[in-house]
Structure formats: C-alpha cells, structure tokens
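Colleague: Pasting a structure below so you can have a look.
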Amino acid sequence: MPTKPKRAPAAPALPAPSISSGPAPRYAEGSPAKGSNGSLRARHAARAAEPYPAYDDVFRPTDGILAEDTPGVLQPSRLAWQDAARGLFLYHGDCLAVMDAIAAKHPDGVFDLIFADPPYFLSNGGITCHAGKMVKVDKGDWDKSRGPELNHEFNTEWLRRCQRLLKPHGSLWVSGTHHVIFSVGYAMQQLGMKILNQVTWQKPNPPPNLACRYFTHSTETVLWAAKNEKSKHTFNYAAMKTANGGKQMKDVWTLTAPGSAEKTLGKHPTQKPLALLERILLAASHPGDFVLDPFMGGGTTAVACAKLARKFAGIELDPRWLNLTETRLGAGGGIMPCR
Ligand SMILES: C[S@@+](CC[C@H](N)C(=O)[O-])C[C@H]1O[C@@H](n2cnc3c(N)ncnc32)[C@H](O)[C@@H]1O
C-alpha cells in the first residue's frame with residue numbers, strides 16, 4: 001500500500017466522519033459464524049448493520065491520488081457547488097469519506113436511487129483503439145488494479161456505504177466490465193442486497209480489437225439491486241413498455257457510446273451516454289426523487305437528473321471533472337475554487 005499522505009485539516013463544510021471507532025472489521029472475521037443465528041437473512045442483516053470502519057482504518061485506494069495543486073496533501077471533503085433550487089449538490093472528495101459524512105446526518109438512508117460507475121481497474125498497460133490509433137488503456141491512476149483482494153475490499157466498502165444511504169425501498173445500479181463486475185455482484189450478495197437484473201449495455205459501434213486474439217468487446221454490464229430482500233423497489237414497468245414500442249423491455253439495451261454532441265463542453269475518458277442514465281432514472285425513480293452518484297466523473301448522472309427533475313448529489317475526487325459537471329449543468333464552470 002502506498003505511503004499515506006499528510007491529511008489536510010478537517011473541512012468545515014462537512015461533518016467529520018465519526019461513525020465508528022475501533023479497528024476495521026474484515027469480512028472473514030466480522031461475520032457471525034454460519035449457523036450461529038439460524039438464517040441467511042439474519043446473517044445478511046447483521047453484516048449490513050456492522051459499524052463502519054473508522055475512515056482512517058479503511059483501505060483507501062485514493063491514497064496517493066492528490067489534488068494537483070497541493071502536493072502531498074489530500075484535499076478534505078467539501079461541498080464544492082450547489083444549486084439548491086434544482087436540488088443539485090456536488091461534493092469534492094473521496095466517496096468513502098463523503099458517504100460516511102452523509103450517513104452521519106442521515107443514518108436511516110436518504111437516497112431513492114444510486115448509480116455508480118466505479119473504477120473498472122482496467123488501466124494496467126493494455127492497448128486499445130481510439131480514433132483509429134493504437135493507444136494505451138490509461139484512464140487515470142484511480143483506474144489501476146491493486147489485485148483482486150484489495151479491489152474487492154474497496155468494492156465492498158463503497159457498496160456497504162451505498163446500501164446504508166439508500167432509503168428502505170431504494171435501489172442501486174452499478175456499471176462495469178468483467179474486470180470489476182463479478183466482485184461487485186459478489187459483494188452485493190455478501191451484503192444481502194437483492195439483485196434484480198443484470199442489464200447488458202450493447203454498443204453497436206465498438207472499437208475493433210487490435211490484438212485479434214479476443215472477440216471485440218462490445219458490452220458493459222449494469223447490475224440493478226434493491227437495498228435488501230424486503231425492499232419494494234420502484235419499477236416503472238408501463239413507462240418502459242411504452243418506450244419499447246408496447247413490448248416488455250428486455251435486459252439488453254442497445255445504445256451508442258456518447259458522441260461528439262455530448263462532449264461539446266468537455267469530455268471524460270469513461271463518459272457514459274446520457275441515454276443510459278435517462279433510461280435508468282425513468283425505469284426506477286420518480287420526479288423529485290433524490291439520486292446519488294459516488295463516482296461522478298463528468299456528471300452524466302447529474303445532467304440526466306437535472307433534465308428529468310430528480311434531485312442529485314455527486315461525489316468526485318478530481319476537480320477537473322467537478323468543473324466539467326458544473327459546466328454541463330449550465331453553471332458556466334470555473335466557479336469552484338478547490339482550495
Ligand atoms: C468511471 S468514471 C465515471 C464517469 C461518469 N459516469 C461519466 O459519465 O462521466 C469514475 C470517476 O470516479 C472518480 N473516482 C475514483 N475513485 C474515487 C473515489 N474514491 N471517490 C470519488 N471519486 C472517485 C474518478 O476520478 C473518475 O472520474
């Protein structure tokens with residue numbers, strides 16, 4: 001694990017994360033032994049109710065990913081921008097810390113829907129084709145793999161916080177490729193979430209496979225899960241059927257990757273298509289619902305929420321993407337002093 005950077009003083013804008021004390025529970029150690037309480041549901045409930053590890057004790061893959069302007073110092077979490085009239089809130093910081101802070105204020109959950117597009121852990125020296133050229137896959141340090149165990153530990157920690165922040169009948173959508181999605185699905189099961197669908201996003205025009213040793217990668221998976229087995233999740237069945245020409249909508253969605261029209265204000269290296277986020281919101285939320293995106297990137301979820309009158313909170317480590325999101329929200333950009 002990289003050396004921990006010095007911590008900046010706590011920011012006044014967010015309460016200091018103070019949910020638990022003591023050492024971080026590890027899943028193998030912290031779970032009740034099989035059969036000790038009789039039922040799988042009880043074990044899941046016990047696991048979901050475990051206290052959070054104190055922030056400093058949690059494995060934080062963001063150690064070493066620093067704001068460009070403050071060498072050696074992690075920026076504290078802060079509310080970077082808000083539009084209270086539209087119910088839009090952008091947080092700058094590590095999503096683990098920001099979600100801890102939100103949970104301290106809202107221990108019973110506050111979000112109706114969460115969409116997460118986490119690190120896929122695929123920037124590891126491979127090659128791909130971009131604009132007809134061979135390029136290295138390098139989305140950023142945040143996307144580098146730390147090995148299957150640490151990747152899974154990170155996935156479990158952010159998913160646990162998402163589960164805690166969902167309202168009782170809220171649901172969670174997580175996108176990924178094979179590099180991450182099996183770990184996400186396993187962690188969802190460990191946490192007692194109820195997996196509702198495995199949606200395949202099929203891209204009609206994927207880049208060719210340059211190595212010619214694999215099939216062309218042309219899909220991503222989006223897992224949809226309810227907070228737990230008891231949740232009565234929202235599914236706007238009729239709206240989806242209408243959108244699909246009067247036929248039940250299937251779990252394979254053919255949608256093009258975002259084109260230049262969605263990148264006129266700037267682009268993120270792993271930007272999702274607006275149409276994907278709009279479909280997710282229309283399928284599983286209502287106007288006025290509160291949506292969280294803990295890995296906000298260039299703010300596609302934020303834009304979809306603004307368009308469809310959902311409230312939104314987004315969390316992002318990198319100030320560049322916070323600025324892009326503000327710009328896409330029509331705020332003009334550049335209004336975020338990040339220090
Ligand atoms: C896959 S991208 C999201 C792209 C986004 N869906 C879009 O359409 O633009 C993931 C983003 O999460 C950010 N990120 C990575 N680790 C993070 C963390 N621990 N806390 C907050 N943001 C993080 C990265 O900087 C990156 O911008």
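Just so you know, all these numbers are worked out from the coordinates, no wet-lab data involved. Bear in mind that the values here come from a model prediction, so they are computed numbers and not experimental data. Cβ sites come from the backbone with ideal geometry, for glycine too, and all protein chains shown count toward neighbours.
Colleague: List ASP108, ASP141 from most exposed to least, where exposure is judged by having the fewest other Cβ atoms within 10 Å.
Modeller: ASP108, ASP141
Colleague: By how many nm would the segment from GLN82 to LEU150 grow when fully extended, if each residue of separation counts as 0.36 nm and the alpha-carbon distance is taken off?
Modeller: Net length gain for the segment: 21.1 nm.
Colleague: How many nm is it between the label spots at CYS212 and LEU308, if each spot is 7 Å from the Cα in line with the beta carbon?
Modeller: 4.2 nm
Colleague: Could you order the peptides 200-208, 162-170, 188-196 from most to least packed, using the average number of other C-beta atoms within 10 Å per residue?
Modeller: Put in order of decreasing packing, that is 162-170, 188-196, 200-208.
Colleague: I'd like to compare 218-227, 235-244, 144-153: which one has the highest average count of other Cβ atoms within 10 Å, and what's the full order after that?
Modeller: Working: 218-227: 21.0, 235-244: 12.9, 144-153: 15.3.
Ranking, from highest mean packing down: 218-227, 144-153, 235-244.
Colleague: What is the packing order of peptides 252-261, 87-96, 171-180, taking the mean over residues of other C-beta atoms within 10 Å and listing the highest first? Don't jump to the answer; show the numbers that get you there.
Modeller: On the way: 252-261: 12.4, 87-96: 24.1, 171-180: 21.5.
In descending order of packing, they fall as 87-96, 171-180, 252-261.
Colleague: Applying the Karplus parametrisation 6.51 cos²θ - 1.76 cosθ + 1.60 with θ = phi - 60° to the phi angles of segment 262-277, what ³J(HN,Hα) value in whole Hz is obtained for each residue in order, glycine and proline being reported as x?
Modeller: 8, 10, 5, 9, x, 9, 9, x, 10, 4, 8, x, 4, 4, 5, 5
Colleague: Neighbour counts of other C-beta atoms within 10 Å: give me ASP293, ASP83 arranged from fewest to most.
Modeller: Numbers: ASP293 28, ASP83 15.
In increasing order of surrounding Cβ atoms, one gets ASP83, ASP293.
Colleague: Just tell me which lysines come within less than 20 Å, Cα to Cα, of LYS105; anything on the same chain fewer than 8 places away is out.
Modeller: List returned: LYS167, LYS227, LYS311.
Colleague: Dipole magnitude of segment 246-339 about its Cα centre, charges +1 at Lys/Arg Cβ and -1 at Asp/Glu Cβ only, in debye to the nearest 20?
Modeller: 160 debye
Colleague: Report the extension gain between LYS230 and HIS178 in nm, rounded to one decimal, defined as 0.36 nm multiplied by the number of residues separating them, less their alpha carbon distance.
Modeller: Values: separation 52, 0.36 × 52 = 18.72 nm, distance 2.85 nm.
Net length gain for the segment: 15.9 nm.
Colleague: Suppose R0 equals 22 Å. What FRET efficiency, 1/(1 + (r/R0)^6) with r the Cβ-Cβ distance, do ASP108 and LEU265 give to the nearest 0.05?
Modeller: With a Förster radius of 22 Å, E is 0.05.
Colleague: Once the Cα gyration tensor of segment 163-260 is diagonalised, what are the square roots of 5 times its eigenvalues, in whole Å and ordered largest first, as equivalent ellipsoid semi-axes?
Modeller: 28, 20, 10
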